[in-house]
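Visitor: Quick one: structure below, then a few questions.
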Amino acid sequence: MNARPEDQDAIEAYLDELFAAARDAEPAAARRLLAEAEAHLRESAARLAAQGLGPEDAETEAVRRFGPVAAVTPALRTPLRSVGRLPLHALVRPAVGLAALGAIAVGLSGVLSEVFGRLWGAGFVSGDLPGVAYTAARCAVLQAPYPGLDCAQAAAQHHWGEVVEGRVFLGAVGIVLLVLWRILPPDLPLPAGLVPGLGAAAFLLASAATGLAAGSAAVQGGQGVGAWLSATSVALPLGLALGVLAAVRARRQSALRDAAAR
């Protein structure tokens, strides 16, 4: 008769959980980690029992000191060189998470654009660059909601609304994607620094592009700087933060992998 889960000792239950968590890892690394974990736990429990703890308490304390499974399994993540062999479904959840973060960042830049417009005027956010002109008919359409403003001012007001509303809408889409990301089941563990590294690259490239655009607009008179500056103000710190996170995770995975190899 099979033993019920509640009849298992603490070490056996922990090893079962570790085995389940390691099922998609490289076989050799998973075998080493399971063997070393069991040896360490048994040795620790024996030492604690020799110090006076009962067998069950000794095993429970040994497991507690060893740490949760989630703290051990990063050593089993897929190495970067093997990412190309992963099935496509392994990338779905990370892709949804990055898309959610990107869309929410756009939404935050929309909020900043609203603030910039209220502080320095619609022209700062979405004013047209020198040389842009509208037909009389188009000016009439633009000025209709804004009586008393000339064509350029009305156009800036109109474009400001489009910038803010469009970006905030994308931010709302990002929240929906974030909820989807939360409910998607975890899949194969990717290299620790891969996902934040990709996010860092995307955000840093976006911050460079929007920063250059903001500088160009500033040189040409300052109209429309705010739309680009609001994007840079969100993308740059996010890119830097994700870059640091990628480096920390990659270093931690390397240390865990070296420890597992010993």
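Visitor: Based on this model, can you work out whether ALA206 counts as under 15 Å from the mean Cα position of the chain (by Cα) and modelled with pLDDT of 90 or more?
Guide: Values: under 15 Å from the mean Cα position of the chain (by Cα): no; modelled with pLDDT of 90 or more: yes.
Spelling it out, it is not the case that ALA206 is under 15 Å from the mean Cα position of the chain (by Cα) and modelled with pLDDT of 90 or more.
Visitor: Which residues, taken from region 201-233, are open to solvent by 50 Å² or more (accessible area, probe 1.4 Å), touching a residue at least 60 places away in the same chain (Cβ under 8 Å) and in a helix (DSSP H, G or I)?
Guide: Matches in region 201-233: ALA202, LEU229, SER233.
Visitor: Could you grab me the full set of residues in region 90-141 that are assigned to a loop (DSSP other than H, G, I, E, B), of a type outside the set (S, T, N, Q) and either loosely packed, with under 14 Cβ neighbours inside 10 Å or modelled with pLDDT of 95 or more (or both)? Show your work before the answer.
Guide: Pass one, region 90-141, residues assigned to a loop (DSSP other than H, G, I, E, B): 121, 127-135.
Filter again for of a type outside the set (S, T, N, Q), leaving 121, 127-134.
Matches in region 90-141: LEU129, PRO130, GLY131, VAL132, ALA133.
Visitor: Hey, among the residues in region 180-195 that are open to solvent by less than 50 Å² (accessible area, probe 1.4 Å) and part of a helix (DSSP H, G or I), which one's modelled with the highest pLDDT?
Guide: Initially, region 180-195 is screened for residues open to solvent by less than 50 Å² (accessible area, probe 1.4 Å), giving 184, 188-195.
Next cut, part of a helix (DSSP H, G or I) only: 194-195.
On the way: LEU194: 78, VAL195: 82.
Restricting to residues being open to solvent by less than 50 Å² (accessible area, probe 1.4 Å) and part of a helix (DSSP H, G or I), the top hit is VAL195.
Visitor: If PRO87 satisfies all but one of (1) surrounded by fewer than 17 Cβ atoms within 10 Å (Cβ to Cβ); (2) modelled with pLDDT of 90 or more, what's the number of the condition it fails?
Guide: PRO87 satisfies every listed condition except (2).
Visitor: Applying the selection to region 120-152, what residues are under 39 Å from the mean Cα position of the chain (by Cα) and not β-branched (Val, Ile, Thr)?
Guide: TRP120, GLY121, ALA122, GLY123, PHE124, SER126, GLY127, ASP128, LEU129, PRO130
Visitor: Please specify each residue of region 142-179 satisfying the condition of being more than 23 Å from SER230 (Cβ to Cβ) and at pLDDT 95 or above.
Guide: Answer for region 142-179, where residues must be more than 23 Å from SER230 (Cβ to Cβ) and at pLDDT 95 or above: just VAL179.
Visitor: Considering only residues that are more than 19 Å from GLU114 (Cα to Cα) and open to solvent by 50 Å² or more (accessible area, probe 1.4 Å), which ones fall in region 144-176?
Guide: Passing the criteria: ALA144, PRO147, GLY148, LEU149, ASP150, ILE175, VAL176.
Visitor: Next up: Name the residues in region 142-175 that are aliphatic (A, V, I, L, M) and outside any loop (DSSP other than H, G, I, E, B), would you?
Guide: LEU142, ALA152, ALA154, ALA155, ALA156, VAL163, VAL164, VAL168, LEU170, ALA172, VAL173, ILE175
Visitor: Which residue pairs have Cβ atoms closer than 8 Å, lie 6 or more positions apart in sequence or on different chains, and pair a first residue in region 34-51 that is over 11 Å from LEU15 (Cβ atoms) and of a type in the set (Ser, Thr, Tyr) with a second residue that is open to solvent by 60 Å² or more (accessible area, probe 1.4 Å) and assigned to a helix (DSSP H, G or I)?
Guide: SER44/ARG65
Visitor: Among the candidates LEU236, LEU245, LEU198, single out the residue that is open to solvent by 50 Å² or more (accessible area, probe 1.4 Å), in a helix (DSSP H, G or I) and modelled with pLDDT of 95 or more.
Guide: Details: LEU245 fails: modelled with pLDDT of 95 or more; LEU198 fails: modelled with pLDDT of 95 or more.
Selected residue: LEU236, the only one of LEU236, LEU245, LEU198 that is open to solvent by 50 Å² or more (accessible area, probe 1.4 Å), in a helix (DSSP H, G or I) and modelled with pLDDT of 95 or more.
The values are calculated or read from the model by the stated rules, or taken from the named source; none is laboratory data. Note that the coordinates shown come from a computational prediction; the quantities given were computed from them, not determined experimentally. Glycine also receives a Cβ, built like all others from the backbone with ideal geometry; neighbour counts cover every protein chain displayed. Remember, those area values only see protein heavy atoms, side chains included, never the ligands or the DNA or RNA. Shrake-Rupley method; radii C 1.70, N 1.55, O 1.52, S 1.80 Å.
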